[in-house]
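Encoded as structure tokens, the structure appears first; notes follow it.
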Amino acid sequence: MKTLATDFGIDEALESLGIKAINEGTSTGSNNFSNGEIIESYSPVDGQLIGKVKTTTKEDYEQVMDAATSAFKTWRTMPAPQRGEIVRQFGDKLREKKEALGKLVSYEMGKSYQEGLGEVQEMIDICDFAVGLSRQLHGLTMHSERPGHRMYEQYHPLGVVGIISAFNFPVAVWSWNTALAWICGDVCVWKPSEKTPICGVACQNIAAEVFAENNLPEGISCLINGDYRVGEFMTKDTRIPLISATGSTRMGKIVAKEVAGRLGKSLLELGGNNAIIVTPDADIKMTVIGAVFGAVGTAGQRCTSTRRLIIHESVYDKVKNAVVDAYEQLRIGNPLDENNHVGPLIDTDAVKMYNQALEKVVEEGGHMVVEGAVLSGEDYESGCYVKPAIAEAKPDFKIVQHETFAPVLYLLKYSGDVENAIAIQNNVAQGLSSAIMTNNLREAERFLSHAGSDCGIANVNIGTSGAEIGGAFGGEKETGGGRESGSDAWKIYMRRQTNTINYTTELPLAQGIKFDL
Ligand code: NAD
């Protein structure tokens, strides 16, 4: 029987990415070993088994850490621009494998093929960014208060960086971290989500090829596999100065406590509850495109997905009707088929959470304007396909305050000034992405001011989802406060040192202190 996998070239993609039927879950270069239990990865697209990955035991982990710490000694001695050259080659390899990796991302995670390709493009973009950055890891020079002294700051590599990532961006988040960490002179140990382990193996294979071609130890990039228990090997490990963790706020609170308990650093990229404010001056056509893509793209499983539309009462019905009309055009189905707009949720547990959210919003007094449903039939055999839903709700409903990782959009009405909409928007625990749709300069500037959006990302006339790698990415409050990717996000991957050099024959003390002997 022909499966979706054969119809859409998945077998060829897996072959070109070096994926075997059973993959070793732990990879550290010369060694490919693992002794843990097996994770089976099933596609949410058609419910077929994609492959099996062995998990990492504590003993395996110790070998990985040996390989990583030893690779660090080689890697940190290489000048940063030369490390940039390796990252450039990695970016080129990603260009060669873009279609194959994009297809695997789509098949294992369930996002559309276009979004899968977009995710690989983000990896390529961050490599380009990192290559340029490898010549700009600069510190400041400042004037010393003491005569004949020079004072400056420099940045040194940290060591082993631990990366824990979520299922919804199974490859890009890793590269956002690794591309920067690598040019900074760090080595990385990555634990991908246990829900998308094959994507992890594919990325490791690509990186391993580049390191091998340059006679560099593969320990610069290490992969470990398993669930939170394997993640805990890293969060408890004092040999890892920085843990970069992407996932739920629940996970982030545990990781933050564990890492802080040993005075390590953590970079946290956690849940969002993102809103678009629609003012009386909004361009309705742009609003509908931004809101619908934001709410249903990746089946509502982006950290930046639009979950709340805060609409002024004067345009409420108009916006509601236009969004509802757009939802009627949505085609739900196999995400590898470019005719479909919405693919499946990651698994049937996610379907349960979606159903619970729909029940709760009605229990709290909400009103469904587009009913949700779990789809069944030949095209939906995995049991993971759901219909994007819209509910009219109140801002303080418990379910509206909560991030449901599924395509459920809440319509909230505001009246009066834009301040009222901003207050509703900020009155949630999370602070990742936010947007305002308006052609009114005053409203836009108030939204961006110190008294405006409290989120890490604030957009005008753009939706909440999708970000460019050039800017620092991350959010405030329960989103964790971390910043990744562009701007000066690289600094977290390095340790800062202040150096003072005395080129005189005297030893003057700072603050004018005299110490005569
Ligand atoms: P999750 O929290 O269930 O898992 C994320 C990762 O953390 C997995 O690799 C998991 O094994 C690991 N983990 C869980 N508990 C751990 C522990 N105690 N110690 C160490 N590791 C642990 O999240 P998920 O369901 O994979 O992803 C969805 C969530 O991720 C959403 O909340 C989404 O908003 C968030 N997310 C945030 C960003 C961002 O940049 N802010 C990006 C992507 C996803």
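No lab work stands behind these numbers, since they all come straight from the coordinates. These numbers come from a predicted model, not from an experiment. A quick note on method: Cβ atoms are made from the backbone with ideal geometry, for glycine too, and the neighbour counts reach across all protein chains shown.
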- Task: Over every pair of different alpha-carbon atoms in segment 397-517, take the mean of 1/r and invert it; report that Kirkwood radius in Å.
- Result: 18.3
- Task: Evaluate the relative contact order of segment 274-467 (contact order divided by residue number), counting alpha-carbon pairs under 8 angstrom at least 6 apart; express in whole percent.
- Result: 30
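DSSP loop (so not H, G, I, E, B), at most 15 other Cβ within 10 Å: list which chymotrypsin sites (Phe, Trp or Tyr not before Pro) in segment 443-506 pass both filters. Walk me through the intermediate numbers first.
Values: sites: F447, F473, W490, Y493, Y503; in loops: Y503.
Those that pass, being in a loop and sparsely packed, are Y503.
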- Taking the Cα centre of the chain as origin, sum charge times position over the Cβ atoms of Lys and Arg (+1) and Asp and Glu (-1), and report the length of that vector in debye to the nearest 20. 1500
- Message: List the pairs from K398/K477; K320/K394; K195/K491; K98/K491 whose alpha-carbon separation is above 23 Å, in the order I gave them.
- Response: K195/K491; K98/K491
- Query: Relative contact order for segment 131-199 using alpha-carbon pairs under 8 Å, separation at least 6, rounded to a whole percent?
  - Reply: 33
- Item | Dipole of segment 193-246, positive end: most advanced residue of L242, N214, A202 [Cβ charges, Cα centre] | L242
- Charge dipole of the chain built from unit charges on the beta carbon (Lys, Arg +1; Asp, Glu -1), centred at mean Cα; most positive-end Cα among H450, A373, V230 is H450
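Which of D488, D396 comes first, and how do the rest follow, when ranked by fewest Cβ neighbours within 10 Å?
Values: D488 9, D396 12.
Exposure proxy ranking, most exposed first: D488, D396.
Tally Lys/Arg at +1 and Asp/Glu at -1 over every other residue whose Cβ is under 12 Å from the Cβ of R495; what's the total? Could the numbers behind the result be given before it?
Working: positive: R76, K265, K491, R496; negative: E153, D186.
Here the count lands on +2.
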- Task: For helix 348-363, report the angle its Cα long axis makes with the longest principal axis of the Cα atoms of the chain; keep it between 0 and 90° and round to the nearest 10°.
- Result: 60
- Task: Using amide H atoms built 1.01 Å from N in the peptide plane, name the residues 5+ places from W190, or on other chains, whose amide H lies under 5 Å from its own.
- Result: I163, C222, L223, I224
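Relative contact order for the chain using alpha-carbon pairs under 8 Å, separation at least 6, rounded to a whole percent?
Worked out over the chain, it gives 17 percent.
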- Query: Can you run phi through the Karplus equation (6.51, -1.76, 1.60; θ = phi - 60°) for segment 72-79 and list ³J(HN,Hα) in whole Hz, with x for Gly and Pro?
  - Reply: 4, 5, 6, 5, 6, 7, 6, x
- Of G84, Q154, V171, which is farthest along the charge dipole of the chain in the positive direction, counting Lys and Arg as +1 and Asp and Glu as -1 at C-beta? Q154
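Could you tell me the ratio Rg/Rh of segment 273-384? Both radii from Cα atoms, Rh via Kirkwood. Could the numbers behind the result be given before it?
On the way: Rg = 14.8 Å, Rh = 15.3 Å.
Checking Rg against Rh, the ratio lands at 0.97.
Give a quick list of trypsin sites (Lys or Arg not before Pro) in segment 290-363 that DSSP marks as loop, anything other than H, G, I, E or B, with at most 16 other Cβ atoms within 10 Å. Walk me through the intermediate numbers first.
Details: sites: R302, R307, R308, K318, K320, R331, K352, K360; in loops: R302, R331.
Passing both the DSSP loop test and the Cβ count: R331.
Net charge within 12 Å of V370 by Cβ-Cβ distance, Lys/Arg positive one each and Asp/Glu negative one each, not counting V370 itself?
On the way: positive: K320, K387; negative: D325, E328, E371, E392.
Local charge sum for V370: -2.
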- Determine the percent antiparallel among the DSSP beta bridges restricted to segment 412-509, to the nearest 5. 50
- Exposure-ranked with fewest Cβ neighbours within 10 Å first, M251, M234 stand as M251, M234
- Note on the structure: Longest principal axis of the chain (C-alpha) makes with the long axis of helix 98-109 (C-alpha) an angle, in degrees to the nearest 10, of 60
- Item | Q48 long-range amide H proximity, modeled H, under 5 Å | S43
- Message: Treating only the Cβ of Lys, Arg, Asp and Glu as charged (+1, +1, -1, -1), what charge dipole size does segment 274-467 show about its Cα centre? Round to the nearest 20 debye.
- Response: 340
- Which of the GluC sites (Glu not before Pro) found in segment 381-484 are in a DSSP loop and have at most 12 neighbouring Cβ atoms, other than their own, within 10 Å? E468
- Query: Which of the lysines could a cross-linker span from K93 if the Cα-Cα distance has to be under 20 Å and same-chain partners fewer than 8 positions apart are dropped?
  - Reply: K20, K103
- Whole-Å distance linking the alpha carbon centroid of segment 163-203 with that of segment 307-331 is 37
- Once phi is turned into θ = phi - 60°, what whole-Hz ³J(HN,Hα) does the Karplus curve with 6.51, -1.76 and 1.60 give for every residue of segment 466-472, x standing for Gly and Pro? x, 9, 8, 6, x, x, 6
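So what's segment 274-467 giving for Cα Rg divided by 2.2 N^0.38 Å, two decimals?
On the way: Rg = 16.0 Å, N = 194, 2.2 N^0.38 = 16.3 Å.
Working it through for segment 274-467, the quotient is 0.98.
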- Query: What translational diffusion coefficient, in µm²/s and rounded to a whole number, does the Stokes-Einstein relation yield for segment 294-353 at 4 °C and a viscosity of 1.567 mPa s, taking the hydrodynamic radius as the Kirkwood radius over Cα pairs?
  - Reply: 98
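Taking other Cβ within 10 Å of each residue's Cβ, how do L270, L309, L507, L158 sort, fewest first? The partial results should precede the final answer.
Numbers: L270 29, L309 25, L507 8, L158 21.
Lowest to highest Cβ neighbour count: L507, L158, L309, L270.
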